[in-house]
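Below are the structure tokens for one structure; questions will follow.
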């Protein structure tokens, strides 16, 4: 965890946030007069609501439609509050890309706003730090050790990669993994990254270690920008209490901080992933082979563990292979995901080998003086214990509030994972976020259902939070046309192949009929690949680049390519429904191939549905449908990103017309008028802007 300056205490200086914020955002205020930016009443309303929640240390759930300018509406009052009180403001976004957007685009505007008037000039001196997960940073201390111990740790190929990392480190300013292209080999990066107890203030020079430099910046920053995955990983590791705060002290990550969560509609899903259990055959294998790799005869134990250490690791590797194979045979033979409903009969084969390894690692560490090497041995010992505990919990279904399952994954479907997650994440969020005595602001363009935020509030454990909604200022009647294909067969089992063929035909027609770029959203990789294979020749003939999620490039890189190419067709699934920001003609059409219902047979959804049913409720109405509506709104929201944008939404799921719930989806559209298409009339009726 990361230390921070002491909390300001009960006698903290007064804050001017509720007085200054309206002056900045009102018509003719500092933002409009000083910078020439548009006055947006919706933005002013949101900024005042955020300022009041921060002043009163109360939770706030606020939906702000696309184009409101919500980033400035929470950053400006957040910075004022932090600088006035000396309390850190934590801003959490959904992705690293959005963190970078806050840093590179929004914070410079904040400085200009504050500099525009003498009464706010001092706030322009705020200090901000963007923090990502510890494993993303290079630790120069561990790098130096790896270079010195190369013979015992690396093969020739791995050492060549280590040298490439060392050369990059000489030039890098931040030492962050994604700066290094092509990406480093995982097994080599693992030995030099900061995600180790060996990287610490005691062992590392803060002037050279990239992670320790980030820590140093953090201790003097008023604003700290994280992402949701890191936020919940740090909370799971203890949060403010791990920073020395007492059990009753205020604060989420640090003593007496306050928190703003952007893209907050993703919080329940991210939190569910981090408040559970996750252990894979690949991870266990990597942990053991970092101690001793039987093939290369290299590893941490080569120097001190001797033949005994090597033998213990090889025994554990053999037990691990047998254990995960038994899990696969007993649960995963017929399907890739299977829920564990009762205590497993799979034998805990790893318990004794891991216990013996843990004992050896502790014994070896006891022979060393305090320092990096001892810390790392103790860390590996703790990891062996953690694996034991996770396996025991999973085998015995130890927590009745969790659902447990196994899944098969990886490119070759050979990785077996043991998983667990809370059935209801609201109590965890109430305990770790909304019950910490500080302001927690959640904002997104999609928190409400039919104008009601109460369902989201209940889901995240913030039933008593303040709420607010402001609509988008965009003129959707002018900017958006909506087309609905009425003759696509319903996606039943009997019509699945025909339905997909018709979808492919529509995608091909609509993409080729529309200039600029098209984002085609799918609900499964199988559908995505099938449609891509069908229409790729036609796109190639027309000179339209086809970008496909999951083939090679990252989500961030695919988005960048689409933005730069101008006429690309991007096929994406789950993660592309939200957070994609491509203004202008590079995204002139969004095609939604199917309504985004999550599979009801996933163990978490299944367990949640059972709980709702037991309480006399309807799982489809209370769980499946609300989640699909929010995701649908997010997908539609990818299209219009600025006042000048114009574009087309094309919907290829006939359930919108055939099912009673279809009207709920259509009511979510910001442009209420739509045109029905069929394959007979589409050439005359489909009229894109480009």
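The values are calculated or read from the model by the stated rules, or taken from the named source; none is laboratory data. Predicted, not measured: the structure shown is a model, and the values here were computed from it. No Cβ is skipped: glycine too gets one built from the backbone with ideal geometry, and neighbour counts run over all protein chains shown.
Have a look at 679, 663 and point out the one that is over 21 Å from residue 265 (Cβ atoms) and either in a loop (DSSP other than H, G, I, E, B) or outside the structural domain of residue 488 (by TED's automatic domain parsing) (or both).
One residue alone meets the criteria, 679.
Here's something else I'd like to know. Filter segment 498-524 for residues that are out of contact with any helix residue (DSSP H, G or I) (no Cβ under 9 Å at 6 or more places or on another chain) and in a helix (DSSP H, G or I); which is surrounded by the fewest Cβ atoms within 10 Å (Cβ to Cβ)?
498
With the checklist (1) modelled with pLDDT of 95 or more; (2) buried (at least 19 other Cβ atoms within 10 Å of the Cβ) in hand, flag the one item residue 559 doesn't pass.
Condition (1) is where residue 559 drops out.
For residue 49, are the conditions met, namely being farther than 18 Å from residue 223 by Cβ and in contact (Cβ under 8 Å) with a residue 60 or more places away in the chain?
So residue 49 fits the description; yes.
Which of the residues belonging to segment 63-73 are surrounded by 24 or more Cβ atoms within 10 Å (Cβ to Cβ) and closer than 17 Å to residue 30 by Cβ?
Correct list: 73 only.
Across segment 146-162, which residue is modelled with the highest pLDDT among those that are in a helix (DSSP H, G or I) and in contact with a strand residue (DSSP E or B) (Cβ under 7 Å, 6 or more places away or on another chain)?
Applying the filter and picking the extreme gives 153.
Next question. Residue by residue through segment 421-460, note down the ones that are over 23 Å from residue 628 (Cα atoms) and touching a helix residue (DSSP H, G or I) at 6+ places or on another chain (Cβ under 6 Å).
432, 439, 440, 441 - these are the residues of segment 421-460 that are over 23 Å from residue 628 (Cα atoms) and touching a helix residue (DSSP H, G or I) at 6+ places or on another chain (Cβ under 6 Å).
Starting from segment 269-291, keep only residues that are at pLDDT below 95, then list their pairs with residues that are assigned to a strand (DSSP E or B) and surrounded by fewer than 20 Cβ atoms within 10 Å (Cβ to Cβ) whose Cβ atoms are within a distance under 6 Å, requiring at least 6 positions of separation or different chains.
Listed by first residue and then by second, the contacts come to 282/415.
What number of residues in segment 318-377 are surrounded by 14 or more Cβ atoms within 10 Å (Cβ to Cβ) and either touching a strand residue (DSSP E or B) at 6+ places or on another chain (Cβ under 6 Å) or within 25 Å of residue 599 (Cα to Cα) (or both)?
Within segment 318-377, residues that are surrounded by 14 or more Cβ atoms within 10 Å (Cβ to Cβ) and either touching a strand residue (DSSP E or B) at 6+ places or on another chain (Cβ under 6 Å) or within 25 Å of residue 599 (Cα to Cα) (or both) number 11.
For the subset of segment 539-556 comprising residues that are loosely packed, with under 15 Cβ neighbours inside 10 Å and more than 19 Å from the chain's Cα centre (by Cα), which member is modelled with the lowest pLDDT?
552
Pick from segment 596-605 the residues that are in a helix (DSSP H, G or I) and under 20 Å from the mean Cα position of the chain (by Cα): which of them is nearest to residue 647 (Cα to Cα)? Show your work before the answer.
First, the residues of segment 596-605 that are in a helix (DSSP H, G or I): 603-605.
The next check asks that each one be under 20 Å from the mean Cα position of the chain (by Cα); those that pass are 604-605.
Working: 604: 37, 605: 34 Å.
Restricting to residues being in a helix (DSSP H, G or I) and under 20 Å from the mean Cα position of the chain (by Cα), the top hit is 605.
Any residue in segment 103-111 that is outside the structural domain of residue 560 (by TED's automatic domain parsing), touching a helix residue (DSSP H, G or I) at 6+ places or on another chain (Cβ under 6 Å) and closer than 27 Å to residue 201 by Cβ? Break it down stepwise before answering.
Going residue by residue through segment 103-111, those that are outside the structural domain of residue 560 (by TED's automatic domain parsing) are 103-111.
Applying the additional criterion that residues be touching a helix residue (DSSP H, G or I) at 6+ places or on another chain (Cβ under 6 Å) yields 106, 110-111.
Next cut, closer than 27 Å to residue 201 by Cβ only: none.
No, there is no match, as no residue in segment 103-111 is outside the structural domain of residue 560 (by TED's automatic domain parsing), touching a helix residue (DSSP H, G or I) at 6+ places or on another chain (Cβ under 6 Å) and closer than 27 Å to residue 201 by Cβ.
Considering every residue within segment 31-38, establish whether at least one is more than 15 Å from residue 79 (Cα to Cα), without any contact (Cβ under 8 Å) to a residue 40 or more places away in the chain and not in a loop (DSSP other than H, G, I, E, B).
Yes.
Additional query: State all residues of segment 50-95 that are assigned to a loop (DSSP other than H, G, I, E, B) and farther than 15 Å from residue 262 by Cα; if no residue qualifies, say none.
Residues satisfying the conditions are 57, 58, 86, 87, 88.
Identify the single condition in (1) buried (at least 17 other Cβ atoms within 10 Å of the Cβ); (2) not in a helix (DSSP H, G or I) that residue 626 does not satisfy, given that it satisfies every other one.
(2)
While we're on this one: Here is a list of conditions, (1) in a helix (DSSP H, G or I); (2) surrounded by fewer than 20 Cβ atoms within 10 Å (Cβ to Cβ), and residue 143 meets all of them except one; can you say which number that is?
(2)
Looking at (1) outside any helix (DSSP H, G or I); (2) at pLDDT 95 or above, which is the only condition residue 44 fails?
Unmet for residue 44, out of (1) outside any helix (DSSP H, G or I); (2) at pLDDT 95 or above: (1).
Moving on to the next point. Evaluate segment 458-475: report whether one residue or more is out of contact with any strand residue (DSSP E or B) (no Cβ under 7 Å at 6 or more places or on another chain), buried (at least 19 other Cβ atoms within 10 Å of the Cβ) and more than 21 Å from residue 235 (Cα to Cα).
Yes, segment 458-475 contains a residue that is out of contact with any strand residue (DSSP E or B) (no Cβ under 7 Å at 6 or more places or on another chain), buried (at least 19 other Cβ atoms within 10 Å of the Cβ) and more than 21 Å from residue 235 (Cα to Cα).
Here is a yes/no grid of residues against (1) within 24 Å of residue 462 (Cα to Cα); (2) buried (at least 21 other Cβ atoms within 10 Å of the Cβ):
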| position | (1), (2) |
| --- | --- |
| 36 | no, no |
| 41 | no, no |
| 54 | yes, yes |
| 61 | yes, yes |
| 82 | yes, yes |
| 95 | yes, no |
| 102 | no, no |
| 111 | no, no |
| 118 | no, no |
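Right, another one. Filter the helices (runs of 4 or more DSSP H) completely within segment 266-354 down to those with at least 3 residues that are under 23 Å from residue 601 (Cβ atoms).
Details: elements: 267-274, 281-291, 306-327.
Ranges flagged: 267-274.
Look through segment 567-601, keep the residues that are farther than 15 Å from residue 557 by Cα and in contact with a strand residue (DSSP E or B) (Cβ under 7 Å, 6 or more places away or on another chain), and return whichever of them is surrounded by the most Cβ atoms within 10 Å (Cβ to Cβ).
Among residues in segment 567-601 that are farther than 15 Å from residue 557 by Cα and in contact with a strand residue (DSSP E or B) (Cβ under 7 Å, 6 or more places away or on another chain), the one surrounded by the most Cβ atoms within 10 Å (Cβ to Cβ) is 593.
Can you name the residue in segment 112-130 that is in contact with a helix residue (DSSP H, G or I) (Cβ under 6 Å, 6 or more places away or on another chain) and not in a helix (DSSP H, G or I) and is also farthest from residue 194 (Cα to Cα) among such residues?
117
Does segment 143-150 contain any residue that is closer than 30 Å to residue 297 by Cβ, free of Cβ contacts under 8 Å to residues at least 12 places away in the same chain and not assigned by TED's automatic domain parsing to the domain that holds residue 436?
So far as segment 143-150 goes, yes, one or more of its residues are closer than 30 Å to residue 297 by Cβ, free of Cβ contacts under 8 Å to residues at least 12 places away in the same chain and not assigned by TED's automatic domain parsing to the domain that holds residue 436.
Yes or no: residue 487 surrounded by fewer than 19 Cβ atoms within 10 Å (Cβ to Cβ), at negative phi and either in a loop (DSSP other than H, G, I, E, B) or out of contact with any strand residue (DSSP E or B) (no Cβ under 7 Å at 6 or more places or on another chain) (or both)?
yes
Looking at segment 609-632, is at least one residue under 19 Å from residue 588 (Cα atoms) and in contact with a helix residue (DSSP H, G or I) (Cβ under 9 Å, 6 or more places away or on another chain)?
Among the residues of segment 609-632, at least one is under 19 Å from residue 588 (Cα atoms) and in contact with a helix residue (DSSP H, G or I) (Cβ under 9 Å, 6 or more places away or on another chain), which makes the answer yes.
Do we find that residue 130 is touching a strand residue (DSSP E or B) at 6+ places or on another chain (Cβ under 9 Å), closer than 30 Å to residue 183 by Cβ and surrounded by fewer than 22 Cβ atoms within 10 Å (Cβ to Cβ) in this structure?
Details: touching a strand residue (DSSP E or B) at 6+ places or on another chain (Cβ under 9 Å): yes; closer than 30 Å to residue 183 by Cβ: yes; surrounded by fewer than 22 Cβ atoms within 10 Å (Cβ to Cβ): no.
Answer is no for this residue.
Right, next: Got at least one residue in segment 678-689 being loosely packed, with under 15 Cβ neighbours inside 10 Å and under 26 Å from residue 459 (Cα atoms)?
No, every residue in segment 678-689 fails to be loosely packed, with under 15 Cβ neighbours inside 10 Å and under 26 Å from residue 459 (Cα atoms).
Could you count how many residues in segment 206-235 are modelled with pLDDT of 85 or more, surrounded by fewer than 18 Cβ atoms within 10 Å (Cβ to Cβ) and within 16 Å of residue 143 (Cα to Cα)?
Total meeting the criteria: 2.
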